Amino acid sequence: MNDVIEAMLTRRSCRNFKSDMPDEALIREVLRAGSFAATGKNWQSPVVIAVTNRELRDKISRHNAEILGKSDFDPFYGAPVILIVLADKSRPTYLYDGSLVMGNLMLAAHALGLASCWIHRAKEEFESEEGKKLLHSLGIEGEYEGIGHCALGYAAEPLPEAKPRKKNYFYFVN
């Protein structure tokens, strides 16, 4: 089987990460793969923030948990790395572009032996004053919408098997 298709068929979301920090070279390789996602008219509307600083990671986790309504919960499941995908709202394809980046990040992570999970609430996070201040402090200017967080690290336990696909997932028309 083709390696890319194999990665697509075997990737699973991880909800229990080890605290071990992946090597920076692996993180950069995941980021590079994300940067090659298809984007409308090749405008490359997304940007990705790689958060490896534990203090900042925990601050973002607390904010995300507050939005979720669970202040005593780590929505990143202990992942030591958070890749935050934002996209330029001035581009009409920004939501699709950012979603494809998220897909590439997760597939690349899996292909490199890392685990990942798409974590939501980035939109709400970066529309808030706290989120806007964070972006400004990082030198990120412009009208960006949070698309998602890619929790990244090593799985603490084996990932689940794939669930059966629904019968009417696709239709073939001749």
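Running a GNM on the chain with Cα contacts under 10 Å, which residue among PRO46, PRO92, PRO164 ends up with the highest mean-square fluctuation?
PRO164
Using the heavy atoms of the protein chains alone and a 1.4 angstrom probe, what is the accessible area of region 1-65 per residue in square angstrom?
On the way: 4190 Å² over 65 residues.
Spelled out: the 1.4 Å probe surface of region 1-65, per residue, equals 64 Å².
Could you look at the chain and say what percent of its accessible area is carbon and sulfur, using a 1.4 Å probe and all protein chains? The partial results should precede the final answer.
Details: 5540 of 10610 Å².
The C+S portion of the solvent-accessible surface of the chain is 52 percent.
Under a 1.4 angstrom probe, counting protein chains only, how are HIS120, HIS110 ranked by accessible area, largest first? Each step should come with its number before you reach the end.
On the way: HIS120 105, HIS110 55 Å².
In descending accessible area the options line up as HIS120, HIS110.
What is the sum of charges, Lys and Arg at +1 and Asp and Glu at -1, for the other residues whose Cβ falls under 14 Å from the Cβ of LYS41? Intermediate results must be reported in sequence, preceding the final value.
On the way: positive: ARG91; negative: ASP88, ASP97.
Neighbour charge sum, excluding LYS41 itself: -1.
Sequence-distant or interchain residues sharing an amide H contact under 5 Å with TYR144, placed H: which?
Under 5 Å from the amide H of TYR144: LYS89.
Which three semi-axes in whole Å describe the equivalent ellipsoid of the chain, each the square root of 5 times a Cα gyration tensor eigenvalue, listed largest first?
On the way: eigenvalues 129, 91, 52 Å².
Taking √(5λ) for each eigenvalue gives 25, 21, 16 Å, largest first.
Could you work out, for region 1-58, what percent of all Cα-Cα pairs fall into each 5 Å distance bin, beginning at 0 Å and stopping at the bin that holds the largest distance?
4, 11, 15, 22, 22, 16, 7, 2, 0
Quick check on my link table: of LYS59/LYS133; LYS70/LYS163; LYS70/LYS132; LYS18/LYS132; LYS89/LYS123, which ones sit more than 18 Å apart, alpha carbon to alpha carbon? Intermediate results must be reported in sequence, preceding the final value.
On the way: LYS59/LYS133 13 Å; LYS70/LYS163 28 Å; LYS70/LYS132 22 Å; LYS18/LYS132 30 Å; LYS89/LYS123 11 Å.
Distance filter (> 18 Å) returns LYS70/LYS163; LYS70/LYS132; LYS18/LYS132.
Can you give me the orientation-averaged projected area of the convex hull built on the Cα atoms of region 123-163, in nm²?
On the way: hull surface 19.3 nm².
Its average projected convex-hull area is 4.8 nm².
Between ASN168 and ASP3, what length comes free when the chain is fully extended (0.36 nm per residue of separation minus the Cα-Cα distance, one decimal in nm)? Write down the numbers at each step before the final one.
Working: separation 165, 0.36 × 165 = 59.40 nm, distance 2.61 nm.
Gain on stretching ASN168 to ASP3: 56.8 nm.
Just to confirm the filter: which trypsin sites (Lys or Arg not before Pro) across region 105-174 are DSSP coil and have at most 11 other Cβ within 10 angstrom of their Cβ?
Values: sites: ARG121, LYS123, LYS132, LYS133, ARG165, LYS166, LYS167; in loops: ARG121, ARG165, LYS166, LYS167.
Here the trypsin sites (Lys or Arg not before Pro) that fit, given the DSSP loop and packing criteria, are ARG165, LYS166, LYS167.
Using the Cα centre of region 63-153 as the reference point, and only Cβ charges (+1 on K/R, -1 on D/E), how large is the resulting charge dipole? Debye, rounded to the nearest 20.
240
What distance in nm separates the two pseudo spin-label positions at GLU141 and GLU129, each 7 Å out from Cα along the beta-carbon direction?
Each label point lies 7 Å from its Cα, and together they span 2.2 nm.
To the nearest 20 debye, what is the magnitude of the charge dipole of the chain about its Cα centre, counting +1 on the Cβ of each Lys and Arg and -1 on the Cβ of each Asp and Glu?
Values: 22 positive and 23 negative charges, 122 e Å.
Charge dipole, the chain, about its Cα centre: 580 debye, nearest 20.
Can you list the residues, at least 5 places off or on another chain, whose amide H is less than 5 Å from the amide H of GLY153, using H built in the peptide plane?
For GLY153, the qualifying residues are ALA115.
What net charge is computed for the residues neighbouring LYS59, neighbours being all others with C-beta under 15 Å from the C-beta of LYS59, Lys and Arg scored +1, Asp and Glu -1?
Working: positive: ARG54, ARG57, ARG62, ARG121, LYS132, LYS133; negative: GLU55, ASP58, GLU66, ASP74, GLU125, GLU129, GLU130.
Here the count lands on -1.
Would you tell me the accessible area of GLU6, worked out with a 1.4 angstrom probe on the heavy atoms of the protein chains, in Å² to the nearest 10?
80
How many angstrom lie between the C-alpha centres of region 1-18 and region 84-112?
One Cα centre to the other: 17 Å.
Using a 1.4 Å probe and counting only protein heavy atoms, arrange TYR77, TYR171 so the residue with the most accessible area comes first.
Working: TYR77 65, TYR171 170 Å².
If we order TYR77, TYR171 from most to least accessible, we get TYR171, TYR77.
What are the semi-axes of the equivalent ellipsoid of region 66-110, taken as the square roots of 5 times the eigenvalues of the Cα gyration tensor, listed largest first and rounded to whole Å? Numbers along the way, then the final one.
Details: eigenvalues 118, 56, 10 Å².
Those come to 24, 17, 7 Å.
Kindly sort MET1, MET8 by accessible area of their heavy atoms, largest first, with the probe set to 1.4 Å. Intermediate results must be reported in sequence, preceding the final value.
Values: MET1 155, MET8 110 Å².
Largest to smallest exposure gives the sequence MET1, MET8.
At 1.4 Å probe size, what's the solvent-accessible area of ARG15? Round to the nearest 10 Å².
For ARG15, solvent-accessible area is about 140 Å².
The values are calculated or read from the model by the stated rules, or taken from the named source; none is laboratory data. Just so it is clear, the model here is predicted, and its values are computed rather than measured. Positions of Cβ are generated from backbone atoms using ideal geometry, with glycine treated the same way; all protein chains shown enter the neighbour counts. Note: areas computed on protein heavy atoms with side chains; ligands, DNA, RNA excluded. Shrake-Rupley method; radii C 1.70, N 1.55, O 1.52, S 1.80 Å.
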